[in-house]
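This report refers to the structure that appears directly beneath it.
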Amino acid sequence: MSVGIGVIGAGVMGADHARIISSQIQGAHFAAVSDADEGRAKAVAEKHGAERHLADGAALIASDDVDAVLIASPDETHAAFVLACLGAGKPVLCEKPLAPTAAEALTLVEAEAVSGKQLIRVGFMRRFDPPYAAMRETLRGGSLGRALMVHSAHRNVSAPDWFKPENSISNSAVHEFDILRWLLDEEIVAVEAFTSKGKRGVMPNDPLMLVCETASGVLADVEVFINAAYGYDVRAELVCEEGTMELARPLAGDIRLKGQQALPFPPDWRGRFADAYRLEVQSWVDALGSNDAPGASAWDGYVASAVAEAGVKSLRSGEREEVKLAQKPGLYS
Ligand code: ISE
């Protein structure tokens, strides 16, 4: 039986997920799409062959032809839609962040824990990225010894109109927090933000540097540069007791021209993480309804938002801020 997927949000990510579902996923079809701007929903439905389009996300969740929901609407709408999916008993893959505040994310964790079934997955697609998976496997293999430090860089070409300085942390660095927890298999206990003098003419504090400390004492520095101009570039180097490992870069091409060699950068995350997005959606479909489905749980979504909040707090206070987590419900152990 083919699973009918309804996509909420027909913007950049909603359209990309619609393309992936309709062209690359086995065992599922693109049933419906909603967007507050119905014209946008219609365009995505027509382009990627959805049977229906609507303006109302809640109506999409309630539709009989929608078995599972993918949320890619604006961040501040996520929590209400996720809650409606829980109410309808439908599995949901929600783009990150799960909710804009840790408190809201925690209400979703609590609601899911009461239901006793994990229906929520959060779109931290890097967990499905083959280079990150190889890094995790190598670390687990033990040849490098224990991890001591991680150096990361997260560079976007330019900020979208709606981006505020704290979104560098809550919208972008939130991926770094999740992938660090996943790579190292431990919690981040504190974050300290350092601001640079800033690129002229763009948002303040861009680039900024975040230093994360983990429970076992690993130090991870993350450069977040939202207006890096030259391309979308994600880097990570793991420093361990016996050696180091650098994140492989999936090659978008290797051009040799006029006495030079060039490795082009994709303009944004859709190209760099194309494999990860496909693998994420396929594994979600394959494991629908199972409590130990791969990918980030609602708890992981909550923790990433809590770390991001500590980061934003540090950006404002200039101090090292501790990450304070709620009690983890048994459903997630
Ligand atoms: C964007 O929303 C994403 O999720 C990308 O993966 C991330 O790299 C980018 O910084 C965010 O703005």
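Can you find even one residue in region 246-261 that is free of Cβ contacts under 8 Å to residues at least 40 places away in the same chain, over 30 Å from GLY4 (Cα atoms), part of a loop (DSSP other than H, G, I, E, B) and touching a Gly at 6+ places or on another chain (Cβ under 8 Å)?
Taking region 246-261 first, the residues free of Cβ contacts under 8 Å to residues at least 40 places away in the same chain are 246, 251-261.
Restricting the remaining residues to those that are over 30 Å from GLY4 (Cα atoms) gives 246, 251-261.
Within this subset, residues satisfying the condition of being part of a loop (DSSP other than H, G, I, E, B) are 251-254, 258-259.
Subset that is touching a Gly at 6+ places or on another chain (Cβ under 8 Å): 252.
The answer is yes; a qualifying residue exists.
State whether one or more residues within region 245-266 are closer than 16 Å to VAL150 by Cα, more than 20 Å from the chain's Cα centre (by Cα), surrounded by 14 or more Cβ atoms within 10 Å (Cβ to Cβ) and at pLDDT 95 or above. So that I can check it myself, show each step before the final result.
Residues of region 245-266 closer than 16 Å to VAL150 by Cα: 245-248.
Remaining after also requiring more than 20 Å from the chain's Cα centre (by Cα): 245-246.
Those still in the list that are surrounded by 14 or more Cβ atoms within 10 Å (Cβ to Cβ) too: 245.
Narrowing the set further to residues that are at pLDDT 95 or above leaves 245.
Yes - at least one qualifying residue is present in region 245-266.
Pick from GLU176, GLU166: which is within 16 Å of the ligand (Cβ to nearest atom) and surrounded by 19 or more Cβ atoms within 10 Å (Cβ to Cβ)? Walk me through it before giving the result.
Values: GLU166 fails: surrounded by 19 or more Cβ atoms within 10 Å (Cβ to Cβ).
Matching residue, one of GLU176, GLU166: GLU176.
If you check ASN156 against the conditions, is it closer than 20 Å to GLY231 by Cα, at pLDDT below 95 and either within 16 Å of the ligand (Cβ to nearest atom) or not aliphatic (A, V, I, L, M) (or both)?
Values: closer than 20 Å to GLY231 by Cα: yes; at pLDDT below 95: no; either within 16 Å of the ligand (Cβ to nearest atom) or not aliphatic (A, V, I, L, M) (or both): yes.
Spelling it out, it is not the case that ASN156 is closer than 20 Å to GLY231 by Cα, at pLDDT below 95 and either within 16 Å of the ligand (Cβ to nearest atom) or not aliphatic (A, V, I, L, M) (or both).
Report yes if LEU219 is more than 30 Å from ALA111 (Cβ to Cβ) and touching a Cys at 6+ places or on another chain (Cβ under 9 Å), otherwise no.
Details: more than 30 Å from ALA111 (Cβ to Cβ): yes; touching a Cys at 6+ places or on another chain (Cβ under 9 Å): yes.
Yes: the conditions hold for LEU219.
Scan the helices (runs of 4 or more DSSP H) fully inside region 73-166 and keep the ones with 1 or more residues being farther than 23 Å from MET209 by Cβ, in the same structural domain as ALA215 (by TED's automatic domain parsing) and hydroxyl-bearing (Ser, Thr, Tyr).
Working: elements: 78-88, 102-115, 130-141.
Because the criterion is at least 1 residues that are farther than 23 Å from MET209 by Cβ, in the same structural domain as ALA215 (by TED's automatic domain parsing) and hydroxyl-bearing (Ser, Thr, Tyr), the helices (runs of 4 or more DSSP H) in region 73-166 that meet it are 130-141.
Per-residue answers, yes or no, for (1) in contact with a Ser or Thr (Cβ under 6 Å, 6 or more places away or on another chain); (2) touching a residue at least 60 places away in the same chain (Cβ under 8 Å):
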| site | (1), (2) |
| --- | --- |
| GLU192 | yes, yes |
| VAL202 | no, no |
| THR214 | no, no |
| THR244 | no, yes |
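Please go through (1) surrounded by fewer than 18 Cβ atoms within 10 Å (Cβ to Cβ); (2) touching a Ser or Thr at 6+ places or on another chain (Cβ under 8 Å); (3) hydrophobic (A, V, I, L, M, F, W, C) for ILE120 and return the number of the only condition it doesn't satisfy.
That leaves (1) as the condition not met.
The values are calculated or read from the model by the stated rules, or taken from the named source; none is laboratory data. Predicted model, so just to flag it, every value in this text is computed and none were measured. For neighbour counting, all protein chains shown are included, and Cβ atoms are generated from backbone atoms with ideal geometry for every residue, glycine included.
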